[in-house]
1. Between residues in segment 147-175 that are closer than 19 Å to A359 by Cβ and among the β-branched types (V, I, T) and residues that are open to solvent by 60 Å² or more (accessible area, probe 1.4 Å) and at pLDDT below 95, which pairs lie under 7 Å by C-beta distance while being six or more apart or on different chains?
2. R240: in a helix (DSSP H, G or I), charged (D, E, K, R) and buried (at least 18 other Cβ atoms within 10 Å of the Cβ), yes or no?
3. When S203 is evaluated against the numbered criteria (1) at pLDDT below 90; (2) in a strand (DSSP E or B), which criterion, by number, is the only one it fails?
4. Identify all residues within segment 253-270 that are in a helix (DSSP H, G or I) and open to solvent by 80 Å² or more (accessible area, probe 1.4 Å); write none if there are none.
5. How many of the residues making up segment 271-283 are part of a helix (DSSP H, G or I) and open to solvent by less than 30 Å² (accessible area, probe 1.4 Å)?
6. Take I39 and tell me if it is touching a helix residue (DSSP H, G or I) at 6+ places or on another chain (Cβ under 9 Å), aliphatic (A, V, I, L, M), modelled with pLDDT of 80 or more and open to solvent by 40 Å² or more (accessible area, probe 1.4 Å).
7. Starting from residues that are among the hydrophobic types (A, V, I, L, M, F, W, C) and in contact with a helix residue (DSSP H, G or I) (Cβ under 6 Å, 6 or more places away or on another chain), keep the ones in segment 141-162 and report whichever is most open to solvent (accessible area, probe 1.4 Å).
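The values are calculated or read from the model by the stated rules, or taken from the named source; none is laboratory data. Note that this is a predicted model, so its numbers are computed, not measured. Here Cβ is always computed from backbone atoms with ideal geometry, including for glycine, and neighbour counts include all displayed protein chains. For accessibility, only protein heavy atoms count, side chains too; no ligands or nucleic acids. Shrake-Rupley method; radii C 1.70, N 1.55, O 1.52, S 1.80 Å.
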Amino acid sequence: MTYQDNFTLPTEYLEQLSEQGSEYLPELIRILVNAAMQIEREKHLGAGWHERSPERRGHANGYKPKTVQTRMGGITFDIPQVRDGGFYPDALEKGLRSERALTLALAEMYVQGVSTRKVKAITEQLCGTRVSSSHVSRATKELDEVLQAWRDRPLGPHLYLYLDARYEKVRQDGQVRDAAVLIAAGVRPDGKRDILGVSVALSEQEVHWRSFLQSLVQRGLQGVRLIISDAHTGLRAACRTVFGGIPWQRCQFHLQQNAQAYVSRRSMQGEVAEDLRTIFNAPDRATADAWLAQIVKKYEPSASHLATWVETNIPEGLTVFHFPQSHRRRIRTANLLERLNQEVKRRTRVVRIFPNEAACLRLVSAVLMEKSEAWLTGCTYLNFEGSDVIIPSPPS
C-alpha cells in the first residue's frame, strides 16, 4: 500500500487534530459537513456567494442549526437555507437517516412493551451515548401523528361489527385507576377483517361507548347488519341509541361463562355447559327454541334461578340463526376480539401502569394498527358470495 502525503485539509485543521486527537473529531466533522453543504447550496442555486450569474436559480437565506446524534455525541450543523425552499443537503442525509432510525427504534421498542428505563439503558449500549427518558418520550410521541391519522381514517360498509372492552392501569392525579379500552372491529363486504377504531377513557359508561360509536358513524361506518358483543350495560344502551334497529348477537362464549354463576353445585357445571352447547349448535332457530324450552323445564325443580336466567338471557345469543349457516361459527361469539385482546395484553403487561391515558392509547393503537394491516393483507375471513346478507353499495 502506497503512503499518501497529499492531504487536502487546511494545515490549521491538521494541527488541531494532531494536538487534540480524537477529541477534535466532532468539530472537524462539523466543519467538513458544513463546507460540503455550502458547496451543495451553491450548485443548487447556480451561483456562488454574492456572485452575479444569469444561471442563478434562487437566493441564499442564511442557516438553520440542527443537532444530530452520532457515535461521538451530538454535533450541531449549520444547514444552508434557500429563500424559496425546496433544498436540503445530501451531505447531511446520512446523518438524518441515522437519527430517524434511532427515533423509530426507540418508538418500536416502546411499542414492543419495553419500559422507558430499559430503552434508555439499551440505547446507551447500542449508540455509545446517553439517551434521556425525555428523549425516549419525545421519540414515542412521533408516532402520534401516524396513529391519529389511522384512528381518523374514513370507514365504509362493514356488515358485521364486533365490540368489546378491556382494562388497563393508568395513573391519574397520583392514583392508579382502571381505564377502559374500547375496541371495534368489523368484516367488510369483501370478507376481510378490519379494526375500525379504539378509544381509551377512565370509564366504560354509556357516554364513552356512545361517543365512540358515534365517531365510527361520523367516519363513514355504514351497512352494519349485526352487532356482536358481550352484555356490557353501557354498550347495549349506546348501541340502541346509535344503531337502533340493528340486530344484536350476544356472545355465546360469555353466555356460557355467565351461566355458571347460577349453578349451585359444582357437579352440575359440566351438564349445564353441555345443555347450552346443544342449544347453540342446533341446526335452526326453531330447534334451538324447542331445546331451550326443554332445558328451562328440566332445571326449574332443582335450580329455579338458573332456569329463569336461561329463559331470559339465552335468546339473546340466538340471533345468529337468522344469518347464513356458513357464517354462524364466526359471528356467534366475540372471539375475534378476545384473541386480539390477548395480543394487546402481551404488549401492555410489560408496561403494567401507564403514566396517562395518552400513553395507553398510543401503545394500544400501534399494536392494533399493525394487526389491522395484517388482517387486510391476509386471508379472507368470510365469504359473502351467494349469502343472504345484503351487501350495501359503496357510497357515491
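1. V170/R177; V170/N356; V170/E357
2. On the way: in a helix (DSSP H, G or I): yes; charged (D, E, K, R): yes; buried (at least 18 other Cβ atoms within 10 Å of the Cβ): no.
Taking the combined requirement at face value, the residue does not satisfy it.
3. The number of the failed condition is (2).
4. Result: F253, Q257, A261, Y262, R266, S267.
5. First pass over segment 271-283, keeping only residues part of a helix (DSSP H, G or I): 271-280.
Filter again for open to solvent by less than 30 Å² (accessible area, probe 1.4 Å), leaving 272-273, 275-276, 279-280.
Adding up the residues that qualify gives 6.
6. Numbers: touching a helix residue (DSSP H, G or I) at 6+ places or on another chain (Cβ under 9 Å): yes; aliphatic (A, V, I, L, M): yes; modelled with pLDDT of 80 or more: yes; open to solvent by 40 Å² or more (accessible area, probe 1.4 Å): yes.
Taking the combined requirement at face value, the residue satisfies it.
7. Step one: of segment 141-162, the residues among the hydrophobic types (A, V, I, L, M, F, W, C) are 143, 146-147, 149-150, 155, 159, 161.
From the residues that got through so far, the ones that are in contact with a helix residue (DSSP H, G or I) (Cβ under 6 Å, 6 or more places away or on another chain) too are 143, 147, 150.
On the way: L143: 40, L147: 7, W150: 23 Å².
Per the stated criteria, the residue is L143.
To keep it simple, each residue is scored yes or no on (1) surrounded by fewer than 19 Cβ atoms within 10 Å (Cβ to Cβ); (2) of a type outside the set (G, A, S).
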{"residue": "L318", "(1), (2)": "no, yes"}
{"residue": "H322", "(1), (2)": "yes, yes"}
{"residue": "R332", "(1), (2)": "no, yes"}
{"residue": "L337", "(1), (2)": "no, yes"}
{"residue": "R362", "(1), (2)": "no, yes"}
{"residue": "S365", "(1), (2)": "no, no"}
{"residue": "T380", "(1), (2)": "yes, yes"}
{"residue": "S387", "(1), (2)": "yes, no"}
